[in-house]
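Okay, structure first, notes after.
The values are calculated or read from the model by the stated rules, or taken from the named source; none is laboratory data. These numbers were taken from a predicted model, which means no experiment stands behind them. Here the Cβ positions follow ideal geometry from the backbone for every residue, glycine too, while neighbour counts run over all protein chains shown.
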Amino acid sequence: MKNVTLSMPEDLLREARSYAQKRGTTLNSMIRDLLKKRIRANVNKNPSDYLDRFMDDLGIDTKNYKFNREEIHER
């Protein structure tokens, strides 16, 4: 499995982690499931269009962001 780095506002991250924990899952698993559902619901369309829309819905903007090595490997 490949790793993906996402950027999001701290308050959204905090809320998302809490939401996942209350449901007995991880944020990682929750994001994977959301992506699968979004993409599978639109199988005949371009998945990257839906990934872009999904990222926009979450308020995640990586288009103009330059990651540095420390941020990419921060855990």
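A few points about this structure:
- No other residue among LEU34, LEU58, LEU51 is over 13 Å from LEU6 (Cα atoms), at pLDDT 70 or above and either among the hydrophobic types (A, V, I, L, M, F, W, C) or in contact with a Ser or Thr (Cβ under 6 Å, 6 or more places away or on another chain) (or both) apart from LEU34.
- Among residues of region 22-35 that are under 18 Å from GLY59 (Cβ atoms), those with a beta-carbon under 6 Å from a residue that is of a type in the set (D, E, K, R) at least six positions away or on a different chain give the pairs LEU27/ARG17.
- Restricting the first member to region 5-17 and to residues that are within 14 Å of GLU71 (Cβ to Cβ), and the second to residues that are at pLDDT below 90 and in a helix (DSSP H, G or I), the beta-carbon pairs closer than 7 Å and six or more apart or on different chains are THR5/ILE72; MET8/LEU58.
- For region 23-46, the set of residues classified as among the polar types (S, T, N, Q) and either farther than 27 Å from ASN68 by Cα or assigned to a helix (DSSP H, G or I) (or both) consists of THR25, ASN28, SER29, ASN42, ASN44, ASN46, listed by residue number.
- Tally, over region 1-22, of residues that are surrounded by 10 or more Cβ atoms within 10 Å (Cβ to Cβ) and in a loop (DSSP other than H, G, I, E, B): 6
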